[in-house]
Each structure stands twice: as C-alpha cells, then as structure tokens.
Amino acid sequence: MAKTKRDAFGSKIGIIAAAAGSAVGLGNIYRFPCELGNNGGAAFLLVYLAIVLVLGVPVMLSEFIIGRRSQANAVGSFKKLAPKTFWPIVGFMGVFCGFVILAFYSTVSGWTLEYICKSLMNGFHGKDLAILEQEFSDFHNMGWKNVMWQAFFIFMTGFVVFKGVQKGIEKYSKILMPMLLVILMVLAVRSATLPGAKEGLAFLFHPDFSKLNGEVLISALGQVFFSLSVGMGALITYGSYIQKNDNLATTALSVTLSDTLVAVLAGIVIFPAAFSFGVQPEAGMGLVFNTLPLIFNQMTGGYVFCLIFFVLLAVAALTSTISLLEVMVAYLVEEIHIKRKWATVFACAATMCLGVFASLSLMDNTPFVIGGKTVFDGLDFLSSNILLPVGGMLIVIFVGWYLGKKKFYEEITNGGQLKIRIKTLILFIIKFVAPLAIAIIFIRGLGLFN
Ligand code: PFF
C-alpha cells in the first residue's frame with residue numbers, strides 16, 4: 001500500500017486546534033442559529049446540549065480511537081481493523097457524505113468571500129434591514145457570481161490540502177481559532193446590550209417544551225453531528241494523525257466544549273440583535289448575512305469589526321472544508337493509490353460538479369428542486385439528518401461491539417498509562433446508550449414511528 005506521509009500533529013494544543021478547526025465552522029455561526037430559529041429556540045438549545053454530551057463526545061472519541069489505532073483513512077481504517085467484513089462500507093459512506101457536505105458547504109463558504117469584499121468596500125454602511133435583505137437576495141440570483149466564489153473557495157481548499165495539511169492547519173488554527181472566539185465575545189456583549197435585546201436572550205434561554213417533537217430532535221441530532229464533524233470519518237482521518245501518548249478522552253472533550261461554546265456565543269450574537277432589529281428568528285440564511293452587518297453599523301469601529309468577522313468566518317469555513325476534502329483525498333491516495341496532486345484535483349472537480357447545482361438552486365424560480373426541496377437543502381438534509389446519524393451509530397457500534405472492551409480500554413488509557421476513572425461508563429454509553437438513542441431519534445425524526 002502506498003504510504004502517505006503522516007507527520008503527526010506536533011502538540012496537544014495543535015491537535016485540539018486542528019480538530020476544533022474542523023468542528024468550528026459555518027455550522028456553528030451560520031447553521032446553528034438557523035436551526036435554532038426554525039426549531040423553537042431554547043428548547044432546541046437544551047436538547048442540543050444534552051445530545052452533545054451524551055452522544056457527541058462518545059462518537060467523537062470512537063472516531064479518534066478508530067483513527068489512531070489504525071493509522072489510516074476513513075475506509076482503510078475499517079479494512080485494517082475489521083478485514084474481510086462489511087465494515088469498510090461505513091468508511092465509504094463517510095467519504096460520500098464528505099463529498100455531499102462539501103458540495104453545499106462550499107456555496108455558503110463562497111458567500112463569506114463576497115461579504116469580505118463588501119465589507120472592504122464599506123458596502124453595508126448606513127443601510128437598513130430592507131436594503132440588506134434585498135441585496136442578499138439579489139446576490140443569490142446572480143448564479144454565476146455564487147458559482148465563481150464557490151469555485152474559488154474549493155480551489156483554496158484544494159491548494160492547502162495538496163500542500164500537506166498538518167503544518168498549515170496546525171499552525172494557523174492555533175492563532176485563528178482563539179481570535180474568532182475573542183471577536184465573537186466582543187460581538188456578543190454588543191448584541192446583548194442593544195435595546196430590546198432581552199427578548200432575544202429569552203428566546204435563546206427560556207425553553208418552551210411544547211415545541212419539542214420528533215423533527216426537532218432529529219434536527220438537533222443532525223446539527224450536533226454536523227457541528228462536531230462526527231459521523232463521517234473526518235475525525236477518523238484526523239485521529240490517525242494523533243500521537244500515541246495523547247489523551248483521546250480529554251481531547252474529545254476539549255474539542256466538543258470549544259465547538260459548543262462557539263455555537264452558543266453565535267446564538268448570543270445573533271438573536272438579541274435579530275429581535276432588536278425586528279428580524280424574524282426563522283429568517284434562516286439572512287440571520288448571519290443581514291443581521292450582523294446591522295450590528296456592525298451600530299458599533300464604533302464597525303467597519304473593522306465587520307471586516308475581521310467575515311475574514312474569520314471564511315477562515316473557520318476553510319479549516320472545515322479542508323477536513324472535508326482531506327477525507328476524500330486521504331481515501332483516494334491510500335486506497336486507490338492516486339498521487340496526492342491528482343487526488344486533490346479529482347476530488348475538487350467532482351465536488352464542483354455537484355456544488356454548482358447547490359449554488360444555482362438558491363436562485364428564484366430555480367429548476368434545481370427535488371421533491372419540494374432545493375438541491376442545497378436536499379444535500380444538507382441527506383447528509384445531516386440521514387448519513388451522519390447513521391454513520392455515527394455504526395461507528396459507536398463498531399467500537400463498542402466489534403473492537404470490544406479490551407481494545408477500547410487499551411486505546412483510551414494509552415495501554416494502561418492513563419487513569420480514566422469513568423472508562424466503564426464511557427464504554428457503557430458507547431455500547432448501549434448511544435446506538436439506541438441515535439436509532440430512536442432517527443426513526444422518530446423521519447416520522448416512521450410516532
Ligand atoms: N463541523 C463543520 C461546521 O460546523 O461547520 C462542518 C463539517 C466539517 C462537517 C467537517 C463534517 C466534517 F467532516
């Protein structure tokens with residue numbers, strides 16, 4: 001088998017920054033507020049947090065275990081750990097899912113570039129909500145412009161992945177992720193002190209449980225998996241770069257905590273401002289791209305903040321798209337034995353072929369609608385609400401039941417060197433609680449059994 005260079009992550013902080021770089025992205029700042037707004041606010045947040053803790057951490061840990069133990073890509077890892085079984089199919093599903101996510105994720109990633117240019121030219125200054133909304137919608141209708149930015153973003157992703165990810169990602173993630181956090185905190189304070197912000201905070205923090213139903217549960221489950229980058233092998237691939245003496249459990253916990261913190265902070269930035277400016281919480285895509293420029297308009301130094309914010313959003317998206325592309329490229333290089341360069345070109349071209357339809361499906365009167373959903377929403381739904389939960393469930397079943405207790409303890413304690421007091425509890429969750437809970441939420445969410 002062709003050996004790829006696996007210069008492992010250099011430091012514990014580096015691993016956390018890189019895995020958090022994959023996890024923290026548009027999912028936190030853009031998708032999370034959309035989902036929360038559409039699913040009733042605080043009740044969604046509570047369910048989200050519960051799922052992060054009970055299901056997100058164990059699935060992430062399981063992926064790290066599979067990756068580090070096998071030292072291989074998403075498909076190869078199952079081939080190595082479970083030769084001559086059907087398990088590699090789970091890896092294939094992951095590679096396919098990465099392809100699907102990247103196809104629509106790159107659409108929104110492209111928008112961040114357009115919005116960087118707009119902020120550079122002070123293009124939001126003095127504009128009210130109606131104008132911003134109109135411009136946002138006009139932009140969607142310029143199909144070619146969306147596709148151009150999308151292609152450019154995929155090109156940048158390909159460039160980094162081709163150059164070799166580890167040094168680049170580790171180095172930049174360590175600086176940029178903390179910067180993003182600080183900017184979000186400043187924005188959160190500004191937003192929460194706007195007139196009328198209280199209502200937004202109440203929407204975020206006072207749950208109305210009558211809003212809970214199967215659909216909310218599956219949306220929360222999908223959002224957790226999407227946001228944490230679990231269920232599709234991205235963290236199996238990154239796990240294969242983690243060193244043998246690193247503590248997998250605390251790494252998983254730190255990544256999860258940072259990711260969740262960024263999502264909640266994004267909520268605190270968006271909703272108070274949305275209520276203050278009279279934007280509907282269900283406004284979907286417009287929440288970030290219209291509401292935030294409104295806050296910046298109100299701030300001293302708004303021009304600079306606006307620019308920095310969209311740059312960081314683009315960077316957050318980039319560290320995520322890199323991990324998505326890396327899943328495909330690592331597979332092509334190690335399993336199909338294609339040179340890294342051609343693997344990257346092929347993966348980018350294939351993604352673009354599907355991605356074009358995602359971008360063009362957001363135009364008014366678009367023909368790219370399937371079963372009442374735009375291609376963009378369809379790909380989002382297929383990956384987040386179907387492929388990720390099913391993938392996550394199979395991954396925990398694999399670790400809990402196929403790898404088994406002995407190997408699980410070996411990995412989580414680094415061959416007996418670490419003392420993990422709750423390892424029995426974690427194994428119990430991975431073996432029984434997580435697969436069952438995911439299955440139930442999944443079946444209910446699809447409305448198969450109400
Ligand atoms: N977690 C990323 C986000 O929240 O934006 C999206 C993502 C990246 C999902 C990588 C899956 C993945 F493998």
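Computed about its Cα centre, the charge dipole of the chain is approximately 2000 debye, with only Lys, Arg, Asp and Glu carrying charge at their Cβ. Here the Karplus curve 6.51 cos²θ - 1.76 cosθ + 1.60, taken at θ = phi - 60°, turns the phi angles of segment 391-396 into couplings of x, x, 5, 5, 5, 5 Hz, with x standing for Gly and Pro. Sorted from greatest to least, the principal axis extents spanned by the alpha carbons of the chain come out as 62, 48, 43 Å. Summing Lys and Arg as +1 and Asp and Glu as -1 over all other residues whose Cβ lies under 14 Å from the Cβ of residue 290 gives a net charge of -4. Counting 0.36 nm for each residue step from residue 137 to residue 152 and taking away their Cα separation leaves a gain of 3.3 nm.
Cross-link check: pairs 174/198; 244/406; 198/373; 12/423 evaluated at a Cα-Cα cut-off of 25 Å; pairs beyond the cut-off: 174/198; 198/373. Counted residue by residue at 0.36 nm each, then reduced by the alpha carbon distance between them, the extension gain from residue 243 to residue 346 reaches 34.1 nm. In sequence order, segment 327-335 has phi-based couplings of 4, 5, 5, 4, 5, 4, 5, 7, 9 Hz under the Karplus curve 6.51 cos²θ - 1.76 cosθ + 1.60, θ = phi - 60°, and Gly or Pro positions carry x. Of the residues 412, 283, 200, the one whose Cα sits farthest towards the positive end of the charge dipole of the chain is 412 (charges of +1 on Lys and Arg Cβ, -1 on Asp and Glu Cβ, taken about the Cα centre).
Estimated from helices alone, the mean residue ellipticity of the chain at 222 nm is -22500 deg cm²/dmol (sum of -39500 (n - 2.57) over DSSP H runs with n ≥ 4, per residue).
Cross-link reach is defined here as a Cα-Cα straight distance under 16 Å, omitting same-chain residues fewer than 8 places apart; for residue 118 the lysines meeting it are 127, 145. Just so you know, the Rg over Rh for segment 120-251 is 1.02, from Cα atoms, with Rh as the Kirkwood radius.
Here segment 23-96 and segment 185-248 have alpha carbon centers that stand 13 Å from each other.
With respect to the chain, whose longest principal axis is taken over its alpha-carbon atoms, helix 88-120 is tilted by about 30°.
Across segment 218-235, rounded Karplus estimates of 3J(HN,Hα) from the backbone phi angles (6.51 cos²θ - 1.76 cosθ + 1.60, θ = phi - 60°) give 5, 5, 5, 4, x, 5, 4, 5, 4, 5, 7, 6, 10, x, 9, x, 4, 7 Hz, Gly and Pro being marked x.
Across segment 278-350, the relative contact order, built from alpha-carbon pairs under 8 Å that are at least six residues apart, equals 16 percent.
Between 154, 88, 142, the Cα set farthest toward the positive side of the dipole of segment 54-183 (charges on each charged residue's Cβ, about the Cα centre) is that of 88.
None of the figures in this text is laboratory data; all of them are computed from the coordinates on show. Just so we're clear, the structure is a prediction, and the values are computed from it rather than from any experiment. Ideal geometry is used to build each Cβ from the backbone, glycine not excepted, and the neighbour counts take in all protein chains shown.
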